[in-house]
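Asks: Take this structure, written in C-alpha cells, and hold onto it; I'll ask about it next.
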Amino acid sequence: MTKLDTVDVLDGGQAIAIRWVDGHCARFHAVWLRDNAFDEATRSPANGQRLITIQDIPEATRIEEVSIIDDALQLRFAPDGKRSLHPGDWLRAHAYDVSPDQRRGHPPPEVKTWDGMFDPVDVTAGLAAITERPDALRNWLDHVRRYGFARLTGGPVQSGALLEVVNTFGYVRETNYGKWFEVRTEINPSNLAFTSLGLQAHTDNPYRDPVPTLQVLYCLENAAEGGDSQVVDGFRAAERLLQVDPEGFALLSTYPARFAYEVADRVRLQARKPMIELDGRGQLAAIRFNNRSTAPITDVPYDDMAAYYDAYRRFAEIIDDPAMAVTFKLEPGESFIVDNTRILHGRTGYEGEAGSRWLQGCYADKDGLLSTLAVLEQQAERTFG
C-alpha cells in the first residue's frame, strides 16, 4: 500500500489534488467525493448500497476542510457540513484522473494479453482441487479474469459433467441450445459447429444481445484424427490492428456489424454491435467475430465501406496468424473455459471415420464468476492481511 503524501484544494473547493509518496498524483471533484462517502447515512452498512440520490447532494457542494489522518483523507463539505473519511488506497484504486489517450484501444489494467507463445499449462488446474480448495479456485478464476482462458483436468467422463465446472463459480445460462449442447458430427446440423469441419477462431453467439460471456467446452471422447482445440486472444489481435492500421481499428470499433442466426420456424436471433467494442473510457470491452454468423453489414456509409472491408480482412488475417493461436488436444475428462467477450476459439478439422470426437458445451456469465472471485479475494485478504 502506497501512503498519501500531500493534498491541495483546487478551484475554491470544487476539487482536490492528491499526491502519494511514490509521486503518483490524481485529482478528485468534491461532488464525486461526496457521492462516494462511506458513512451510514450515505451507504447501507448491511449491503453497501447507496442511500442517497444525486438530488440529495447540494448542487454547490465544495470541500471546506481536508486533512490526512492515518493514511486516509478526512473531508468536510459545504454547504451542508457533511464529513467523510476516504482511505488513501481506496482513492488510488478508484482514481479517474487519467488521460483518455492512455486508455484508447487498450485493455483494462487487470487484463494481460497473450499470443501463441502462451503456455496453457500456466492456467491449468484439477477439477478436484478447485472444488475442494478455495485458494485453488481463487487462482483459477483469477486466470480467467486476467487471461480470459483457463483449463481443467481430472473431471469425470460422464454426460453433463460440465455443469460441475460452472457450479464452482456461478450459473448456467440456458439458451435455445438448452442447458448444454453436444459438439459432435450430426446429419443435417443446425450449426456448422456440429460437423467435422475445421472452424476459424470465433466468438460464440454474436447474434445475441447480450452475448453469453463465458463458454465451457468439456471433452468426453476424442479419438478422432485432428479436432485440436485452438484459442486466440481477441484483445491482443485488436492491439495489433491498432498498431498497424489505426484508421481500420477506428472503423471496426465505430460502425456496428450485423450478426444473425436462424432455424426455420424455431429461432431468429439478430444483433448489431461493433466487431471491436470499446467502453466509455475507450478501453477494449468486447470482440465479436464469427464468419459463419455475420449478416449483411448495412450500418457503414458508402464512402467508408471499402475501407471497412479492408480493415475486416486485416483483422481476420491477424486472428488467423498461426503465431496468435494456442493449440491443444483435449483428453476425456478435460475442459476449458473462455471469456466469450474476448477469447476466440476454434478447432482443426477432423476425420470422423478414424475415431469419435464428443464434446459438450454450455454458457455462463462473468458476473457470477467475478462475484465468486471477489468474495474469495476478500476472504483471503482478511485471513492473510
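The values are calculated or read from the model by the stated rules, or taken from the named source; none is laboratory data. Everything numeric in this text was worked out from a predicted model, so none of it was measured. As a convention, Cβ positions derive from the backbone with ideal geometry for all residues, glycine included, and neighbour counts pool all protein chains shown. Note: accessible area is taken over every heavy atom of the protein model, side chains too, but ligands, DNA and RNA are not part of it. Shrake-Rupley method; radii C 1.70, N 1.55, O 1.52, S 1.80 Å.
Asks: For the subset of the stretch 285-334 comprising residues that are closer than 27 Å to MET117 by Cβ and basic (Lys, Arg), which member is surrounded by the most Cβ atoms within 10 Å (Cβ to Cβ)?
Replies: ARG288
Asks: Here's something else I'd like to know. Out of everything in the stretch 132-169 that is over 22 Å from the mean Cα position of the chain (by Cα) and on the phi > 0 side of the Ramachandran plot, what residue ends up being most open to solvent (accessible area, probe 1.4 Å)?
Replies: GLY154
Asks: Continuing with this model, one more query. How about the stretch 204-217: which of its residues are touching a Gly at 6+ places or on another chain (Cβ under 7 Å) and open to solvent by less than 10 Å² (accessible area, probe 1.4 Å)?
Replies: GLN215, VAL216
Asks: On to the next question. Among the residues of the stretch 53-73, is there at least one that is open to solvent by less than 30 Å² (accessible area, probe 1.4 Å), in a loop (DSSP other than H, G, I, E, B) and in contact with a Phe, Trp or Tyr (Cβ under 7 Å, 6 or more places away or on another chain)?
Replies: Let us first name the residues in the stretch 53-73 that are open to solvent by less than 30 Å² (accessible area, probe 1.4 Å), namely 57, 61, 63, 71-73.
In the following step, the residues that additionally are in a loop (DSSP other than H, G, I, E, B) were identified as 57, 61, 71.
Pick out the ones that are also in contact with a Phe, Trp or Tyr (Cβ under 7 Å, 6 or more places away or on another chain) and you get 61.
Yes, there is a match, as at least one residue in the stretch 53-73 is open to solvent by less than 30 Å² (accessible area, probe 1.4 Å), in a loop (DSSP other than H, G, I, E, B) and in contact with a Phe, Trp or Tyr (Cβ under 7 Å, 6 or more places away or on another chain).
Asks: Can you work out which of the residues in the stretch 218-272 that are at positive phi and open to solvent by 10 Å² or more (accessible area, probe 1.4 Å) is nearest to the chain's Cα centre (by Cα)?
Replies: Only one residue fits best here, namely GLY226.
Asks: Just one of the numbered conditions (1) under 30 Å from ASP97 (Cα atoms); (2) modelled with pLDDT of 95 or more; (3) open to solvent by less than 20 Å² (accessible area, probe 1.4 Å); (4) out of contact with any Leu (no Cβ under 7 Å at 6 or more places or on another chain) is not true of GLY282; which one?
Replies: (2)
Asks: Also: Across the stretch 24-52, what is the total count of residues that are part of a loop (DSSP other than H, G, I, E, B), farther than 15 Å from LYS82 by Cβ and either open to solvent by 30 Å² or more (accessible area, probe 1.4 Å) or modelled with pLDDT of 95 or more (or both)?
Replies: Qualifying residue count for the region: 6.
Asks: Does any residue in the stretch 67-91 that is over 23 Å from GLY12 (Cβ atoms) and without any contact (Cβ under 8 Å) to a residue 12 or more places away in the chain come within less than 9 Å, Cβ to Cβ, of a residue that is of a type in the set (A, V, I, L, M, F, W, C) and not in a strand (DSSP E or B) six or more places away or on a different chain, and which pairs are these?
Replies: TRP90/PHE38
Asks: State all residues of the stretch 132-160 that are in contact (Cβ under 8 Å) with a residue 60 or more places away in the chain and hydrophobic (A, V, I, L, M, F, W, C); if no residue qualifies, say none.
Replies: LEU137, LEU141, VAL144, PHE149, ALA150, LEU152, VAL157
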